[in-house]
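Report on one structure; see the data block that follows.
Here, each number is a calculation from the coordinates, and none is a lab measurement. In this text the structure is predicted, and so the values were computed from the model without any measurement. Counting neighbours? That spans all protein chains shown, and the Cβs are built from the backbone with ideal geometry, glycine included.
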């Protein structure tokens, strides 16, 4: 794995923490969106790569990740 991929994975972990904390503390909205395009694709001739990030409220039972990925932060009153 290259240095850039490792850096991106660290940034994504930081983003997960900041979003979780921000939502739990009521500092940010539950609906966020960010989208951009990388102007070249290695798999689609003359294609681009679409990158999208979205948050939205959903029912708890929709969490079907294999590891049961649950939040590590909890609200303490």
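By what distance, in whole Å, do the Cα atoms of the range 3-57 stretch along each of the three principal axes, largest value first?
45, 26, 13
Of 20, 58, how do they rank once you tally other Cβ atoms within 10 Å and put the fewest first?
Fewest-to-most Cβ neighbours within 10 Å comes out as 58, 20.
I need to check one value: relative contact order of the range 3-57, counting alpha carbon pairs closer than 8 Å and at least 6 residues apart, in percent.
So the answer I get is 28 percent.
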